[in-house]
Amino acid sequence: MVQLLDYPVRLTGKGLERLDAAEKLEEGRKSTMAYDVLNRHNTATDGSLKIKFDSLISHDLTYVGVIQTARASGLDEFPLPYVLTNCHNSLCAVGGTINRDDHMFGMSACEKYGGIFVPANQSIIHSYAREVLSGCGRMVLGSDSHTRYGAMGTLGVGEGGGELVKQLLRRTYDIEPPKVVAVWLENAPRHGVGPQDVALALVGATFKNGFVKNKILEFIGPGVANLSMDFRSGVDVMTTETTCLSSIWLTDEKTKEYLTIHNRPETYEKMAPAAGACYDSAIVIDLATVEPMIALPFHPSNAYSIREFNENAADILAIVEANAQKQIENPALHLDLHSKLQNGKLRVDEAEIAGCSGGSFENLVHAARIMDGKSIPNEFFSMSVYPASNPVLMELLKNGTVQTLMAAGVVLKPSFCGPCFGAGDVPANGSLAIRHTTRNFPNREGSKPKENQLASVALMDARSIAATAINGGYLTPATEIDYDDSEPAYHFDDSSYRKTVYNGFGHPKPEAELRFGPNITDWPPMIALEENALIKVASVIGDPVTTTDELIPSGDAASYRSNPKRMADFTLSRRDPGYVNSAKGIQKLEQARQAKEACPELEALAKEVIAVVGGFAGADDFLASTGLGSLVYAVKPGDGSAREQAASCQRVLGGLANISVEYATKRYRSNLVNWGMVPFVGAPELLDKLQREDLLYIPGIRKAIEDGQKKVTAKLIRAGKLVEEIELEINNLSKEEAQIVLAGSLINYYAKQ
């Protein structure tokens, strides 16, 4: 299905050919669509990339933090279109911040600063961006990892809030020139194969080996013409799960038709790589050989064809259960999927089609065609669909799709991203759900391991979900169902947007007051990096990959999203419950140091370290130049969501650094830097050397960063004794990034200016 070409290639009239000369690669890369769009938005003239985007977009899990950071950094108005959607916290009041309080804050911010506000349940973030913001040659920056609009010729980039703040303050998005990977599509998909099937095949082939990490995927080849726009977008949005930086597709008459339907014909232009375009590597996908797929718990890359799974279900489930157990932090819990086998066939408990990947018009029409005149099983099985936007819903109502689905027993729900992150259709304990959504990480379906609640999700395409539903819940590929798979007609009716969306761009009202709820609070103060650092190891995580959902859980923790101190208490709560107390222990001493309070425990610690490292006249001398904080060690942290809280919560608890073997994504590393933490890289052997409560004393850390040093030496101290000296790499800080870390946060850096 998917072939990886791990060598440079050139585009010719016949396809892709191997490129031998390295010097031609760099020049030929400039002829790609990706570099054409990047160069249109580049403000630098020295060969670097300093990008200014056309528009920004955030949802209600992130926009409060973005705006609060920008306010503290000197925001006066939104200088470019900034869309605030309300699709993540739109159902009810749970736990901390009442969702409507955030929405009132967002609406008042759009009034004050000149923004665009999309009310709850009108659209999910990425559907609105496709319908309204996208266009050929454009760039959109979003505070959500699935910011992908490549099918419309738009480079969408998902980043943490700090990068959006830079754009709001009229600064730039600074990156090293990225590598570009050609995704060559051939032939056409078989009957019953949908976009999620192609996407899971791609993710399965590229995630674990890092083949496209932080690169741009460029979809080309004759197969593109055989895919509808909804199909292209369904594949495109899932490229986030490969850990690529962004993606873009060649554009054609179907692109033009899409933009015309959405009232933006002027944003179309034909886009294709220029003759002789060169790519760092390539992926070849023969669409005709892609089969219906299933991604088993707990990652989208854990992908198998449904055919292969059905033939070897017991063996595959044994592997899945064993691997899953390593990710379940409660040893009393065990993932039991074997119990779902009935007469050798997998029977699931519920199904959902939702979000930016599943809730498209075409996916739901195809599901309805498969289910027409049939029904879901009525015992212990449920199925819900969430159309991606109100315009999509209105068309589904007009053409009878909603009626067909509801007649089959499917529950219609409003536009909402909940099933993607554990806030909608949470399965019962021990249940297995199948979903056409983006992720199936641990706990993202709503499990609460500390309370002995464990469920799981498998990802599938809407077509095979519908086929499974009408087959009594038994896993069934849509290729076995005879149905009309022609491309349905679509008409875009934006009347609900025209009547409900507030568009204040270009018309800020500085006199307007922001509306705060009791759980919407400012960021706490964060001081500049001191001359020396004493850092406690507060958590050591040996998992091959640590997702942002494990660093800061989605679901219930998100109810405190607008209250930094309270949300910080959830940091690593599902993966390492001991982290928060450990971090708070050293933070309490640092607060005493900053306040110059008498603190016997702080003085004793200072003397203990001095006895090991020497060079100080006494505790006061040591504490005058040495900042205290904590760090997290993880092998490969940061896969998944762009939520900056994965980093900011550590900083709120006094975090000064992370150490990793490598960072899973650029956006997580950027989040660390923007919150004033050093992104150290250390040897893999550190996993076996570091323990919680160890201390790392790093002399001259401030000067090392000021001078652009690449490495520092840390003294590892345990129980008052020097264990050894370890070498840490300072992970490629740019000059501006170094200044942000030295200042203690992006807020401090801009406030000084």
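Couple of notes before you dig in:
- Against the list (1) buried (at least 24 other Cβ atoms within 10 Å of the Cβ); (2) touching a Gly at 6+ places or on another chain (Cβ under 8 Å), the condition Ala455 fails is (1).
Residue-by-condition table, conditions (1) farther than 30 Å from Gly506 by Cβ; (2) surrounded by 20 or more Cβ atoms within 10 Å (Cβ to Cβ); (3) in contact with a Leu (Cβ under 9 Å, 6 or more places away or on another chain):
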{"residue": "Tyr113", "(1), (2), (3)": "no, yes, yes"}
{"residue": "Gly135", "(1), (2), (3)": "no, yes, yes"}
{"residue": "Val180", "(1), (2), (3)": "yes, yes, yes"}
{"residue": "Arg190", "(1), (2), (3)": "yes, no, yes"}
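- Answer from Ser573, Ser562 - the residue that is buried (at least 23 other Cβ atoms within 10 Å of the Cβ) and more than 18 Å from Leu696 (Cβ to Cβ): Ser562
- Single residue of region 522-551 satisfying the filter (within 17 Å of Arg444 (Cα to Cα) and assigned to a strand (DSSP E or B)) that is nearest to the chain's Cα centre (by Cα): Thr547
- If you go through region 274-301 and keep only what is over 27 Å from Gly221 (Cα atoms) and touching a strand residue (DSSP E or B) at 6+ places or on another chain (Cβ under 6 Å), you end up with Leu296, Pro297.
- Residue satisfying condition, being in contact with a Phe, Trp or Tyr (Cβ under 7 Å, 6 or more places away or on another chain) and among the small types (Gly, Ala, Ser), within set Ser539, Ser573, Ser559, Ser582: Ser539
- Matching residues in region 639-687 - criterion: being touching a strand residue (DSSP E or B) at 6+ places or on another chain (Cβ under 6 Å) and acidic (Asp, Glu): Asp639
- Failed condition for Lys179, given (1) over 23 Å from the mean Cα position of the chain (by Cα); (2) of a type in the set (D, E, K, R); (3) more than 30 Å from Ser495 (Cα to Cα): (1)
- Pairing residues of region 63-90 that are outside the structural domain of Gly115 (by TED's automatic domain parsing) and at pLDDT 90 or above with residues that are assigned to a strand (DSSP E or B) and of a type outside the set (D, E, K, R), at Cβ distances under 6 Å and at least 6 apart in sequence or on separate chains, gives no pairs at all.
- Meeting the requirement of 3 or more residues that are surrounded by fewer than 19 Cβ atoms within 10 Å (Cβ to Cβ), the strands (runs of 3 or more DSSP E) wholly within region 642-753 are 711-718, 721-730.
- Just one of the listed residues (Ile294, Ile376, Ile319, Ile370) is surrounded by 24 or more Cβ atoms within 10 Å (Cβ to Cβ) and either over 24 Å from the mean Cα position of the chain (by Cα) or among the acidic types (Asp, Glu) (or both), and it is Ile370.
- Taken as a whole, the condition of being under 30 Å from Pro222 (Cα atoms), in the same structural domain as Met383 (by TED's automatic domain parsing) and not small (Gly, Ala, Ser) does not apply to Ile328.
- Checked against the criterion of being surrounded by fewer than 24 Cβ atoms within 10 Å (Cβ to Cβ), in contact with a helix residue (DSSP H, G or I) (Cβ under 7 Å, 6 or more places away or on another chain), assigned by TED's automatic domain parsing to the domain that holds Arg29 and among the acidic types (Asp, Glu), region 256-271 has no qualifying residue.
- Matching residues in region 130-140 - criterion: being in contact with a Ser or Thr (Cβ under 7 Å, 6 or more places away or on another chain), part of a helix (DSSP H, G or I) and of a type outside the set (Asp, Glu): Arg130, Leu133
- Looking at Ala466, Ala433, Ala423, just one residue is touching a Pro at 6+ places or on another chain (Cβ under 7 Å) and over 12 Å from Leu335 (Cβ atoms), and that residue is Ala433.
- Listed by position, the strands (runs of 3 or more DSSP E) enclosed by region 213-290 that each have at least 3 residues that are over 21 Å from the mean Cα position of the chain (by Cα) are 281-286.
- Look at region 691-714: where a residue is under 17 Å from Phe616 (Cα atoms) and a partner is in a helix (DSSP H, G or I), sitting 6+ places away or on another chain with Cβ atoms under 7 Å, you get Tyr697/Val609; Tyr697/Val613.
Listed here are the residues, each with its yes/no results for (1) touching a strand residue (DSSP E or B) at 6+ places or on another chain (Cβ under 6 Å); (2) over 19 Å from Leu346 (Cβ atoms); (3) among the polar types (S, T, N, Q).
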residue: Gly409; (1), (2), (3): no, yes, no
residue: Pro414; (1), (2), (3): no, yes, no
residue: Gly418; (1), (2), (3): no, yes, no
residue: Gly422; (1), (2), (3): no, yes, no
residue: Pro427; (1), (2), (3): yes, no, no
residue: Ser431; (1), (2), (3): no, no, yes
residue: His436; (1), (2), (3): yes, no, no
residue: Pro442; (1), (2), (3): no, yes, no
residue: Lys448; (1), (2), (3): no, yes, no
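- Positions within region 1-17 being surrounded by fewer than 18 Cβ atoms within 10 Å (Cβ to Cβ), in contact (Cβ under 8 Å) with a residue 12 or more places away in the chain and among the charged types (D, E, K, R), in sequence order: Asp6
- The set of residues in region 408-423 that are within 18 Å of Val237 (Cβ to Cβ) and of a type outside the set (S, T, N, Q) comprises Phe416, Cys417, Gly418, Pro419, Cys420, Phe421.
- Pick from region 494-521, criterion part of a loop (DSSP other than H, G, I, E, B) and loosely packed, with under 14 Cβ neighbours inside 10 Å, ranking: farthest from the chain's Cα centre (by Cα): Glu511
The values are calculated or read from the model by the stated rules, or taken from the named source; none is laboratory data. For clarity, every value in this text was computed on a predicted model and none was experimentally measured. In this analysis, Cβ positions are derived from the backbone assuming ideal geometry, glycine residues included, and neighbour counts consider all displayed protein chains.
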